[in-house]
Amino acid sequence: MEALKSSNQEYLKIMEDIYHVSERSGLRSFIWGGFVADILQGEFTREHGDLDCFTENLAENRELLQRQYEELGYSVSYMEEFWMLRIEKNGKHASFNSVRNIDGIAHWYHIGPHGTVYFPYDWLDRTPRRFYGIPVYTIGEKMAYTLKTSARLLNPKWETREKDHLDIAILERLLDGKAEEREEIKKKVWSHNPYWYARGYEEYYFPVLSGSSAASCN
């Protein structure tokens, strides 16, 4: 338990710095990875090894963001091909993709111009949550559930792990809805991944739907 507390305590400090940069730059960063289920239920359930986020309009503002993180003592790198910013301090790191709000639809460039996930922008936190006293923005229950149960939106090679099943159980409880209602949520999300099509996954030529029928964000 002490090891869990020590590692996650360092990530709480990174979350605090991310929020600070969000406020200074006017570009919010939303946590979307393994931490989300913990944040949404308000406590840690396990130790985490990294922090995944996406940031509003990151691609065109990456120099500003890089300077601000460097001022906070982080080592910063940027992968131009994938529009991905990475920060590291004391052996802990966080990675950021870019997201844009286009007419109320979030365009999340999870592998830069090579792959995009689309979903309702208003699913994202509009005001920060508090997690162990730290203000954070997250992708919210609906998007977190969709990603955990439809990983093919991002990666056809993804295999659901035991910790993913635990997170799904948490998210289902938080959504507090019937199975058919959760399926309606998933119909509002889709993706297009030419990155995977170029690697032989023919089904990725067309949009990949998380629900069973055509997705709509209306």
Just list whichever of K89/K163; K92/K188; K163/K186; K89/K157; K89/K187 have alpha carbons separated by over 32 Å in the model shown.
K92/K188; K89/K187
Would you mind putting 32-39, 141-148, 171-178 in packing order, based on average other-beta-carbon counts within 10 Å, highest first?
141-148, 32-39, 171-178
Each label sits 7 Å from Cα toward the beta-carbon; between D103 and T45 the label points are separated, in nm, by 3.7 nm
Along each principal axis, Cα extent of the chain, largest first, Å
46, 37, 31
Restricted to segment 32-111, the DSSP antiparallel beta bridge percent, nearest 5, is 70 percent
Testing the spin-label approximation: label points 7 Å from Cα along Cα→Cβ at L72 and K13. State their distance in nm.
1.2 nm
Amide H to amide H under 5 Å from G33: which residues, 5+ apart in sequence or cross-chain, H placed 1.01 Å off N in plane?
D52
Order of 181-193, 73-85, 99-111 by packing, highest average Cβ count within 10 Å first?
181-193, 99-111, 73-85
Using a 1.4 Å probe on the protein chains only, how many percent of the accessible area of segment 10-67 belongs to carbon and sulfur?
37 percent
Specify which residue in the list S25, A179, N90 is farthest towards the positive end of the charge dipole of the chain, using unit charges on the beta carbon of Lys, Arg (+1) and Asp, Glu (-1), about the Cα centre.
A179
Put a dot 7 Å past each Cα toward the Cβ at L174 and E88; how far apart are the dots in nm?
2.9 nm
Helix-derived [θ] at 222 nm for the chain: sum -39500 (n - 2.57) over DSSP H runs of at least 4, divide by residue count, nearest 500?
-11000 deg cm²/dmol
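The values are calculated or read from the model by the stated rules, or taken from the named source; none is laboratory data. Bear in mind the structure is a predicted one, so any value in this text is a computation, not a measurement. Using ideal geometry, Cβ is built from the backbone for each residue, glycine included, and neighbour counts are taken over all protein chains shown. Note: accessible area is taken over every heavy atom of the protein model, side chains too, but ligands, DNA and RNA are not part of it. Shrake-Rupley method; radii C 1.70, N 1.55, O 1.52, S 1.80 Å.
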